[in-house]
Amino acid sequence: MNDLTNPVEVLGIDAGGTMTDTFFVRADGTFVVGKAQSDVDEANAVLTSSADALAHWDKTPEEVFPQMVTCVFSGTAMLNRVVGRKGLRTGLIVSKGFEDFHRMGRAIQCYLGYAFEDRLHLNTHRYDEPLAHIHDTRGVTERVDSKGGVVIPVRLHEAREAARELIEQGCKAIVISFLSSYLNGTHERAVRDVCLEVAKEMGVKIPVFASVDYYPVRKETHRTNTTLLEAYAAEPSRAILANLSDRMKDIGAKYDVRVMASHGGTISWKAKELARTLVSGPIGGVMGSRYLAEQLGYENVACSDIGGTSFDMALIVKGKVSMHQDGDMARLVLSLPLVSMDTIGAGAGSFVRIDPYSNSLKLGPDSAGYRVGTCWPAGGVDTVSVTDCHIILGYLNPDNFLGGILELDVPRARQCVKDQIADPLGMSLEDAAAGVIELLDLSLRQHLRAMISAKGYSPSDFVCFSYGGGGPVHAYGYTMGLGFKETIVPAWAAGFSAFGCATADFEYRYDKSTDIGITKDSTTADKQEAVDTLGAAWKELADKVMEEFKINGFTEDDVTLTPGYRMQYLGQLNDLEMNSPLTQIGTPEDWDKLVATFDETYARVYADAARSPELGFGVTAAIMRGSVETKKPSIPSEPDAGPNPPAEAITGTRPFYYGRKWVDAKLYKMENLLPGNRVTGPAVIESDATTYVVPTGFETWLDGHRLFHLIEVE
Amino acid sequence: MSNYTKKQVSDLVKGTLDWETVHLMLSMPKDKDRYKLYMEVLQENVSYDDKILLAVGPHLNIVESAKDQEIIIKCDCGHEFGHYSKNWKLGALIYVRDSVEKMKEVYPELMAPDTSWQVYREYYCPSCGIMHDVEAPTPWYPVMHDIEPDLKTFFEWLEMPAPAKI
């Protein structure tokens, strides 16, 4: 096919801490993956990685970029800026008397994100530096009560003074967050206008963020953190993305770059609320799984992504990804809707040590990360990592690690494993290394099982997708014996997050907290009021969604609005999120329809008998999602070529240690395998970006969509 | 098990070690060399040659006297408080805060305890004047004896040679 009938249409970018992956897809679904070392200048890394990918098609970015229609970016730069506390100096204005709540972090930020033992022990608890320093914090006298009524009018002369001091001190942005402002935003907005006025008088141009304009939701620590991130971390990202967009435009790109956001949609890089894109990499994988599942007709999917430092799991149930209302990221509580994921700090690069008291193996919690392990002397690591064990046992090819860009020293790795692990345990080198891998697989398997059964499901109802750089190496190990319907490894596992980003909708999502409660004693007038309140909240959110789309030149006719809400039985702690059965509401009967939808959802998620309508119903949040049509990658579809792999796919054999003995594993080149081909273990299927291990007792076949199906045969 | 350098242990004592390393030290099983390195670091911070066995305060150590191998408690400045089995506080200068005025010197009014219920007893070195400890007991309570270490067992645990006179 030529370029005209089969143009390159979609680009997904995953700019990680160490590698920048690009994923290009043609109209017929064929794709290439590119890799480049990440760079301080992200645009450079993206273009280098693009050139690497397109070289597979003998093309250059200059030829391809002008024909593309979609580009989605996800990266870790913003997250790193937050973790390293290298953001914009930001001043904070709060209700007087509450200057300290931000650094108190709801008393949970001192252990958020820590391993279980470190959460239990007080001596490991520690508060990170607050985003806004206490010296850059000012209180302004005002008070709004829990119903939104003004108790103390705002003293604007204090706000004026505060703004002047903060700007004089050198703050480059100001954030305003008052108590209960989500119920009544007049005070915050008045102070915002005063700050802008003061800045103008002083002849400086600084951004001012009132929390009510961005995240009008309850829980002031969450709301303040999130609004602060908008100033502290997202402002610098705007400049980086503008540069990326300009560089792409220079070589002919006509599309608008979009960024993956934590709610699972993509938003424009020009969006007002860019803090939503703080965490995007792992979400890309979940979105990619959902898209793949939808295209191929899988209802229930367990997503598993294993990288160098962590194992991320998520569930798709009946085609739906569940959402977490206040996600926490980078050890901060935030009011961002986040795709629910479970993460454990064990990965393919975890360090391995012997616990001197129990004389047993201990994995992590830290990992070698980009420094790989003792097998890469230039990385400067002296402690054995899981990767070292993989290299020793023949799982990975030391001569082609990450496409051969690193030179590995296998004898050094053997010596380190012998000295640090095998000798202290009194085992052979091979058994010690195999023990490490078994331990990692066991711990991943237990977490995967726990996550599924804790939600009341059984693995036998699920198909497991395994991706990420380390997914295909461990897929057999962490799914063995769990009883999944099937385990699927996409041939583009290493670029799966980038692929997933490209499959996500162009979608904005806004939330607003509401306090609506209707019991069986409520009157029709009460229901009318409830419906009016919810309707007004939807209207407000819809306006915000439209405002964002207008930046990219869309009109109301282009945008599909999907209202949603979170409802609970009054008095219960948990609420459920669902799409509204109605796009417009206006009568008391509409309330009954919302309730009926909630009742059904509740019965499906929990159980019929657990329903408690006698308690009455509350709406805790109004949600509005707006999306426009975008071009998504097609899934490749190739004809069946029979079970026998072609000669060019077979590349030899390698000694491989499994089941306490050395065997000869057949080696295959992943790119050269054809649909229908069957491979029986022991075998190792290699490509530049990933290695797929099929041990004895397993078999795999490649389908027409370039998905490997892993089957346990014994 | 991890290994740390003497520089890292020294920074730990000074309080300048980076949090990531401190966190790792706290979470991981203790490395075998740690106590030895810790004692070496302490030894470098004092002016005397007597061997430090155990720290009982930021500037107060149990040492093996170079003179007669007796185990005594010694201030960084060299002042000797006597045999380690005796309460060193009895040989210290003592200042008791037992009135509103004296409390006001350290805490704002109304934020200090009622001295008929609780007093502060401050213990100072008679030679160099450094503060070694503060107690906050009820006024009638005897001088507290904070630590009576079983050094013999301690050195068995450490798997290090014990001094002769314990």
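Structure values in brief
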{"item": "Nonlocal amide H pairs with A:Asp366, under 5 Å, H built at 1.01 Å", "result": "A:Phe351"}
{"item": "Sorted by Cβ neighbour density within 10 Å, fewest at the top, the residues A:Ile108, A:Ile316, A:Ile174, A:Ile405", "result": "A:Ile405, A:Ile108, A:Ile316, A:Ile174"}
{"item": "Share of Cα-Cα pairs in segment A:218-335 lying beyond 16 Å, as whole percent", "result": "68 percent"}
{"item": "Projected-area mean, segment A:85-230, by convex hull of Cα positions, square nanometres", "result": "9.1 nm²"}
{"item": "Theoretical ellipticity at 222 nm over chain B - DSSP helices of four or more residues, -39500 (n - 2.57) apiece, nearest 500", "result": "-7000 deg cm²/dmol"}
{"item": "Count, lysine Cα pairs under 23 Å in segment A:506-628, 8 or more residues apart or across chains", "result": "10"}
{"item": "For segment A:1-69 versus segment A:312-389, the gap between their alpha-carbon centres in whole angstrom", "result": "28 Å"}
{"item": "Built amide H within the under 5 Å cut-off of A:Ile516, gap 5+", "result": "A:Val619"}
{"item": "Equivalent ellipsoid dimensions for segment A:647-712 as semi-axes, Å, which come from the Cα gyration tensor, largest first", "result": "19, 14, 9"}
{"item": "Span-rule helices in chain A, defined as complete DSSP H runs reaching 30 Å or more along the axis (Cα) with Kyte mean at least 0.0", "result": "A:429-454"}
{"item": "Normalised convex hull volume, chain A, alpha-carbon set, Å³ per residue", "result": "173 Å³"}
{"item": "Mean projected area (nm²) of the alpha-carbon convex hull when segment A:622-665 is viewed from all directions", "result": "9.1 nm²"}
{"item": "Within-13-Å neighbourhood charge of A:Ile585 [Cβ basis; K, R +1; D, E -1]", "result": "-2"}
{"item": "Extent along principal axes [Cα atoms of segment A:479-538; Å; largest to smallest]", "result": "58, 33, 14"}
{"item": "Rg over Rh, two decimals, segment A:530-587 (C-alpha only, Kirkwood Rh)", "result": "1.06"}
{"item": "Where only C-alpha atoms are counted, convex hull volume of segment A:428-576 per residue in Å³", "result": "198 Å³"}
{"item": "Distance histogram in 10 Å bins (all Cα pairs of segment A:506-628, percent per bin)", "result": "13, 43, 30, 12, 2"}
{"item": "Summed side-chain charge close to A:Asp640 - residues other than A:Asp640 whose Cβ falls under 14 Å, Lys, Arg +1, Asp, Glu -1", "result": "0"}
{"item": "For segment A:486-493, 3J(HN,Hα) per residue [Karplus equation, 6.51 cos²θ - 1.76 cosθ + 1.60, θ = phi - 60°, Hz, x = Gly/Pro]", "result": "7, 10, 10, 10, x, 5, 9, 3"}
{"item": "Proxy reagent accessibility, fewest Cβ within 10 Å first, across A:Phe101, A:Phe708", "result": "A:Phe101, A:Phe708"}
{"item": "Neighbour-count order for B:Cys75, A:Cys110, fewest beta carbons within 10 angstrom listed first", "result": "A:Cys110, B:Cys75"}
{"item": "Inverse of mean 1/r across different Cα pairs in chain B, Kirkwood, Å", "result": "18.2 Å"}
{"item": "Within chain A, longest stretch clear of exposed trypsin sites (Lys or Arg not before Pro) (DSSP loop, no more than 13 other Cβ within 10 Å)", "result": "A:521-659"}
{"item": "Placed amide H near A:Ser322: partners under 5 Å, 5+ positions off or other chain", "result": "A:Leu315, A:Val317, A:Ser340"}
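Readers should treat all values here as calculations from the given coordinates under stated rules, not as data from a laboratory. What you see is a predicted model, and the numbers here were worked out from it, not measured in a lab. Here the Cβ is made from the backbone with ideal geometry for all residues, glycine too, and neighbour counts use every protein chain on show.
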